[in-house]
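*Asks:* Sharing a structure here in structure tokens format.
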């Protein structure tokens, strides 16, 4: 028996994952103790906040550009520890790489679902 999920449900789940990932990045400087590391903390706050805002916007009214924006932010988040010079700071680097990978994968999945709709009956 095959389950057919409506595409809208898939998109909502993916946007929810990006909201949680973005919030994790925003809160990570406090929870992981790197608020004094300016580059790492500010990147987490700004990038995480942007990820959350874009994902919330996608819940309200979906546009493919939102997925592309989160894909770019995901890749940036992965590269930021080296680009901004905090790759030696383990907790900050790890959370950036993990959240960046999650956001990039989810955004790529959202883009794929936009074109393919594998679980819908349409």
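*Asks:* What angle, in degrees between 0 and 90 and rounded to the nearest 10, separates the Cα long axis of helix 90-116 from the longest principal axis of the Cα atoms of the chain?
*Replies:* Taking Cα atoms only, the helix is inclined about 20 degrees.
*Asks:* Quick one: angle between helix 7-31 and the longest Cα principal axis of the chain, in degrees between 0 and 90, rounded to 10, please.
*Replies:* So the inclination is approximately 10 degrees.
*Asks:* Something else: Please tell me the relative contact order of the chain in percent, rounded to the nearest whole number, where contacts are Cα pairs under 8 Å and at least six residues apart.
*Replies:* Computed over the chain, the figure is 34 percent.
*Asks:* Same structure, new question: Using the count of nearby Cβ atoms within 10 Å as a rough guide to exposure, how do 87, 28 rank from fewest to most? Please report the intermediate quantities before stating the final value.
*Replies:* On the way: 87 16, 28 24.
Fewest-to-most Cβ neighbours within 10 Å comes out as 87, 28.
*Asks:* Would you mind classifying the chain by shape? Square roots of the alpha carbon gyration tensor eigenvalues, ordered a ≥ b ≥ c; an a/c under 1.5 is rounded, otherwise it is prolate if a/b is larger than b/c and oblate if not.
*Replies:* In terms of gyration-tensor shape, prolate.
*Asks:* In nanometres, what is the gap between the two model label sites at residue 84 and residue 31, each 7 Å from Cα along Cα-to-Cβ?
*Replies:* Label-label distance for residue 84 and residue 31, simple model: 1.8 nm.
*Asks:* On a 0 to 90° scale, report how tilted helix 38-60 is relative to the longest principal axis of the chain, with both axes built from alpha carbons and the result rounded to the nearest 10.
*Replies:* Taking Cα atoms only, the helix is inclined about 20 degrees.
No lab work stands behind these numbers, since they all come straight from the coordinates. What you are looking at is a predicted structure, and each value in this text was computed from that prediction instead of being measured. Every residue, glycine as well, gets a Cβ built from its backbone with ideal geometry; the counts of neighbours run over all protein chains shown.
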